[in-house]
1. Going by what's in this entry, would W180 be described as within 23 Å of the chain's Cα centre (by Cα), under 25 Å from N288 (Cα atoms) and of a type in the set (F, W, Y)?
2. Considering Y178, Y113, which residue is at pLDDT 95 or above, within 24 Å of E40 (Cα to Cα) and crowded, with 19+ Cβ neighbours inside 10 Å?
3. With basic (K, R) and buried (at least 17 other Cβ atoms within 10 Å of the Cβ) as the only criterion, which of R85, R59 stands out?
4. Within the range 126-136, can one find any residue that is under 18 Å from the mean Cα position of the chain (by Cα), over 30 Å from N326 (Cβ atoms), in a loop (DSSP other than H, G, I, E, B) and not aromatic (F, W, Y)?
5. Looking at (1) part of a loop (DSSP other than H, G, I, E, B); (2) among the β-branched types (V, I, T); (3) at pLDDT 95 or above, which one does I55 not meet, given that it meets all the others?
6. Quick one: G104 ticks every box in (1) modelled with pLDDT under 95; (2) touching a strand residue (DSSP E or B) at 6+ places or on another chain (Cβ under 9 Å) except a single one, so which number is it?
7. Just to be sure I understand the filter: pairs with C-beta atoms under 8 Å, separated by 6 or more residues or on different chains, first member in the range 97-119 and in contact (Cβ under 8 Å) with a residue 40 or more places away in the chain, second member of a type in the set (K, R). Which pairs pass?
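The values are calculated or read from the model by the stated rules, or taken from the named source; none is laboratory data. Please read these numbers as outputs of a predicted model, since none were measured by experiment. Backbone-built Cβ (ideal geometry, glycine too); neighbour counts: all protein chains shown.
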Amino acid sequence: MCFLKDKGHEEMDASTQAHTVEFIKTHLHENGVVYFFATEPLMSWEVLVVLHSQIAAERSDLTFGLTTNGTELNPEIAEYLAFHRFGVLISMDGNSVTHNMVRGRYSDTFVGYQFLKEAGINPAIACCVIPEYLPHLKKMVQHMYYLNPEVIALNKVTAGWKTPWDWRALRQALYETYRWIIRKDPEVLKFFWEYLHHYLELQHTNQDCFAAKDCYTCGAAQGALGIDYQGVLYPCQAMNAFNYPIGDIYQGVDEEKLTYLQSINYPECKYCHVPGCGGCYKTNYLNNNNIIQLDDASCRWECIRWETTKRVFDEAPPYLQKEVKNAVNFQNSRRRNSVTD
């Protein structure tokens, strides 16, 4: 859900709030998640509280979360989020040097992170990766690791950025970072851990990557919808950036558009050697003006991420490989038990 106009300050009005609550109450599946996005959702804290309290009163089965840059956090907000068991993802690009290159206000973000910790929330960190960060990537991850977050997601930026990627530098930066993290706690680095999981599972089942694939697109419109501050529905919260609506909270979802999006399969992904990856409609559109034309830079990024994951694992000493395999098996067992319970 996105209720603050992108790059602006127009908030969802009371009427739209009421219709949003009714739409979510009626349409969101059991045990679903309501997630607040925006330029900065905490800039509209009062609106967020109204929406949360009204939705939670109608649907006790739902969970809530938000993404924030942390600059608007204070102890009272952190306590509210903790009391209501919000999941929190905080945007932090490494240390003060790299964070302030683009985002600025690192000290405010860090203080906000501390407020969350003191309230009992262990936030995840979303760290953008741009070409300018590559010489610093290992130090960035080390800094975030010692903040003890739930997880660190290194999110590539390949759309809307003018600096070209140096692919050799990316490969080296990921290699050095992954070599360090596999000896510390590979689970904390989201995409590295997921690709390790895929790699070990393929080894265990003797499958090739192509046979293991069953989905060749991203998750937009597959299990989530975005709602903007006017009540317009989008396949995901990111797709309001180029005005690709698929309905609104008043008339409902445009089933024809939804069916089209759910039917898209990228043949390039089907026959790619990288598992668990499926492109991004927003990135495709911003770079190619077409949601179904894959972005070459994104594909190359994921290929390097996958190949580097395999290399780091294969080069690890046997005792470390065994530890990682045991951790993956434990996580898989825990996941299976949670499904059957």
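1. No; evaluated as a whole, the condition is false for this residue.
2. Values: Y178 fails: within 24 Å of E40 (Cα to Cα).
Only one candidate qualifies: Y113.
3. R59
4. Checking the range 126-136: at least one residue is under 18 Å from the mean Cα position of the chain (by Cα), over 30 Å from N326 (Cβ atoms), in a loop (DSSP other than H, G, I, E, B) and not aromatic (F, W, Y).
5. Checking I55 against (1) part of a loop (DSSP other than H, G, I, E, B); (2) among the β-branched types (V, I, T); (3) at pLDDT 95 or above, the one that fails is (1).
6. Every condition holds for G104 apart from (2).
7. Filtered contacts from the range 97-119: T109/R103.
Listed here are the residues, each with its yes/no results for (1) in a helix (DSSP H, G or I); (2) modelled with pLDDT of 90 or more; (3) surrounded by 15 or more Cβ atoms within 10 Å (Cβ to Cβ); (4) not β-branched (V, I, T).
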position	(1), (2), (3), (4)
N155	no, yes, no, yes
G160	no, no, no, yes
Q172	yes, yes, yes, yes
K184	no, yes, no, yes
E194	yes, yes, yes, yes
